[in-house]
Each structure stands twice: as structure tokens, then as C-alpha cells.
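Just below is one structure, and these are the notes that go with it.
The numbers here are math on the coordinates, done by the rules we state, and not lab data. Computed from a predicted structure; not experimentally measured. Cβ placement follows ideal geometry from the backbone for every residue including glycine, while neighbour counts extend to all protein chains displayed.
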2 protein chains.
Amino acid sequence: MSVTQQRKGRERAAREELILEHGRRLLLREGFQNLNLDELARSIEYSKGTIYLHVETKEDLALAIATGALKERADLFERASKFTGLTRERMRAVGFACCQFAIVHRDYFNIEMMLRSQSFWEKASEERRRQHGLQAGRLFHIVSSIATEAIRAGDLAPEVRTQDVALSLIAITMGSHIASMQPDIQMLCGLTDPFAAVAAVRRNQDLICDGWSWKPLLKEFDYTATDKRIKTEIFPEATWYTAS
Amino acid sequence: MSVTQQRKGRERAAREELILEHGRRLLLREGFQNLNLDELARSIEYSKGTIYLHVETKEDLALAIATGALKERADLFERASKFTGLTRERMRAVGFACCQFAIVHRDYFNIEMMLRSQSFWEKASEERRRQHGLQAGRLFHIVSSIATEAIRAGDLAPEVRTQDVALSLIAITMGSHIASMQPDIQMLCGLTDPFAAVAAVRRNQDLICDGWSWKPLLKEFDYTATDKRIKTEIFPEATWYTAS
DNA sequence: ACATTTATTGACTCTAAGTCATAATTACGT
DNA sequence: ACGTAATTATGACTTAGAGTCAATAAATGT
């Protein structure tokens, strides 16, 4: 490949980054439905045609942005999974990371929700779908490999299937976030602020772990010190974090 | 009110029913994005203008359809909650009802997902939002009142807050359904058919109940007989049900 | 300097939601 | 039965915005 081609490749990548960056801002502000590609074109100071040199459809663009967010989350999970301690403490650190992500990037959940409609995926490109699957797989792997170690350490029963553990934890986290975002349910449960919602998510994660008899159970161990360590060791930069 | 006005009211209601019925069919087949009101108008043999005499926006129409589905579900929950037995058996019957609904109305979950985007609700009418909240409240109430009875019966610890129990169960059910519908996760977890997915949902519900120490725990009691009774007593018409 | 290839553009097409002036129908008093 | 007023139904029209592509501009190579 010539020097010229290399430079062009860099320029292309830089512009794709520009599109995704501005796209993310607009997508978060307006939601998928109200995201306007004419406005995005104006924002990046290129024409709409140029955007379509980088994405096949509006859905394709949105999926690329969502995958970026997912990658950021998976990176945070990876950091959290390196926490030193009992297996359940490490799992707790990952759960913590998930909630941190939800607090810092509050609006990203609207983006996640957009991915749940079938027609969305049909209109995104094969390659972008693959990229998303890759990041989702990373996330799944982090959770299930902690479960594997838990079995090895004797903290989880050996007959437990790690993919079932991962599924249950992913489900409770996703479900809790979605449920505690619905105004109806917020009212019925008395979830007055985002921190109450996050507390509910973490409580539900504990329920699932206790359900699997993941040792030590919540009532057998004081996780207060763990939580403090997680905060200082995994999220030292977290001046934005206020509630327990 | 005159006799004429009464008749007109009936006619209006009948046509609204017609619109919702055909709308549901199209919405299930095409998804929200691809639901075309010109096509719907053709299908009901009225003009598009007439549709707009009944709904404010396309979102409003879709919400009305979704609320209809939610009501059907709440009705099924109500029936299940009348199951006679221990409190956890009754809760199990409700969980069962939820999974039955998911199997029979497999596509309804796509409709549910459509409700998770913020911009959707903004475009639906106040009244339709209220109606949906009403049905959601019914559902929540059924679950939390079984929890209340469980506390009274000593099956749940008295310090447990029933709304937290309801939230956790709603979250795990919703989350499990969503997670087990995502192709990536299906592959990672080896969920090959819809029955495997439903089995995962029910297993996760058990985990949450065990997490709350809802007596009798899964390992302390044989729920096989309960499941058989639920099938025959609550779903006698269920010839469509094949897996355990 | 010129030819050729590559990149960029924005006016245009097309689809579909939502509107509203007009037409058709119905209600009702005489 | 008739005429008039009120109600109801219509579909051509407006508008918004995604996606296209022929024309234009810029870059590259000789």
C-alpha cells in the first residue's frame, strides 16, 4: 500500500470518527426517531452524501454508535473483573461497574433500547452487526469466566452451568434498569431518584447471586468493605459518585 | 343521552375495535416502523382520515394496541393468582402464566419493546398513556399482593418490602425474555428453541424467589406436582402447550 | 500542463405521516 | 316527503426526512 493510500485511510477513519462523535451527541439528545441526518451533515460540515459513504442506513449509523458505547462498557467490565478478592467480590465489582456506567452515561440506555426492535437490525449492515456481537460476546465472557472460577474455587456448586449464571445476571441487570426507568414502575416502587434505581439494580444482582448460592451469601459476609475497595481501586477517578 | 347518540357511540366503538384488530395484525407482521397507515386504511375499508378520528398519531394507535395486549396479560395473571396453594406456588402460577403468554403470543414482545423508546411516549395521547399505566398497575398489584400474603403466612421475612419483591420479579422476567430473544445471547447460552428460552425465564424466577428466601425454597420442595396442577387447573384449554 | 482517477456534493426522488377543504350522509323539524 | 342543519367520511394535499446519483471539484500521476 502506497503512502498516499495510507494517508487516505487515516483521513477516512478520522472522518468516520467525526461522524460517530457528532452522531452520538445528536442521538443522545434527540433519540433515534428524531435523529436527522441533514442536521448531522450540517453539524460535521460535510454533505449528507458523504455520511452515506460511511454508513449504509441511518440504522447502521446508530448501531455503530451503540457498539461504541457497548465497547466502552465492556472495557469497564474488564477493568472491574481484575479486582482482587473472592469470586463473588469480583462479580460484585462487575455489577458495580455496570451501575457506574448507567449513572455516568444515563442516556445510553435509551440507545440500548433502540436495539430491541426487530426492524432495526434488518436495516443495519452485516459487518456492523458482527462488530456488535463481538462486544456482546466479550461482555458475556467476562461474566461467565468469573463464574467458572467460582466453581473452581468452590464458591458455586460444580453442577451449575456458567452460561446460565451469566444469562441470569445479564437478565436481572438489563431488566432492572429497564423496569426502574419506566415512570409507572418508578411511582409504584417509590424510586424517586436515579440512585434509588441503581440501588434496586444492585439489590437484584445480590438476589440472583444468593439464588445460585454463590458463597459467601449476602447475609454471611459484610460487603461494605468490598464496596469501599471497589470504589477506590476500580474507580479512583470517580469524583462524580456520591451515593453508596 | 338520546337513543341515536347511544347507537352512534356503539358504532364508533365497533369501528375503533376494527381499527385496533387490523392494526394489531399489521403491527405484529410488520413492526412499528413498517406499519403503514395507508395500508391499514385499505385493510379496514375506510379512509386514512377516519383512522385519525380515532387516534392522534401512529404512536397513539400502537400504544392502544399494546395496552390491549397488556390487559390480556393482566387478565391471565389474575386468573393465575387465584390458584390455591402455598404463596410461592401461587407466585409460580403467575410466572407460569407469563411464560404461557410469551409462548402463545410470541410476537407480542416486539410490541412491548417498542414501548421502551422515549420518543414513542411523547407522541402518544395522555389518555392512552393513562390507560396503559392502569393495566401496568394491575399487573404490579397482583404480584405484590401475593408477596404481602407471603409475609402474612410467614413464607417471606416480615422486613421484606413487597414492592421490592414485585420489582425484582418483573425485572427478571422482562430481562430474561429480552436477553433470551437476542440472537447473540441465544448462541452463547445454547438456547436453541423457544422452550429453552422459556425454561431459562422460569429458572431465573426461581432464583429470585430463592434469593428472597421465599419458602419453601426450590430444593426443599418438589414443585413438579404444582406445575402439573397449574397446567390442569389454570390452563385447561392449553392443548398448545407441549414442553414441561 | 493535462488526463485520469477519486472524492464530494446537494438537488432530486420517494415514501409515508398527518391535515383539512370538500363531499356525502344522517338527523330532525315541519 | 322535503329541506336544512349537523355530523361524518374522504382522499388529494402538505410536509418531513431518508436515501440516490449525475454533476462537479479535487487529487494524483505522467
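Some points to look at:
- Cα centroid separation, region A:111-134 to region B:197-226: 33 Å.
- Dividing the Cα radius of gyration of chain B by 2.2 N^0.38 Å, with N the residue count, gives 1.15.
- With the label put 7 angstrom out from Cα along the Cα-to-Cβ vector, B:Asp38 ends up 2.0 nm from the copy partners, going from closest to farthest.
- Inter-copy label distances at A:Pro236 (7 Å, Cα→Cβ; nm, one decimal): 6.9
- Per-residue [θ]222 nm for chain B (sum of -39500 (n - 2.57) over DSSP H runs n ≥ 4, rounded to 500): -24000 deg cm²/dmol
- P(r), alpha carbons of region A:1-54 - 10 Å bins starting at zero, rounded %: 25, 46, 20, 8, 1
- 7 Å along Cα→Cβ, label-point gaps from A:Thr4 to other copies, nm, shortest first: 8.3
- Average other protein chain Cβ within 10 Å of Cβ, residues A:116-124: 5
- Counted charge near A:Cys99, where neighbours are those whose Cβ lies closer than 13 Å (Asp, Glu -1; Lys, Arg +1): +4
- Cα centroid separation - region A:166-196 against region B:60-85, whole Å: 21
- Kirkwood Rh in Å, taken over all unlike Cα pairs in the protein assembly as shown: 24.4
- Where Cα atoms sit under 18 Å apart: lysine pairs in region A:67-234 separated by 8 or more or lying on different chains: 4
- Under 14 Å, Cβ to Cβ, from A:Ala14 - net charge with Lys/Arg +1 and Asp/Glu -1: 0
- By Cβ position, the chain B residue that hugs the axis carrying B onto A most closely, with its distance in whole Å, is B:Gly175, 1.
- Burial ranking of peptide ranges B:3-15, A:46-58 (average Cβ count within 10 Å, highest at the top): A:46-58, B:3-15
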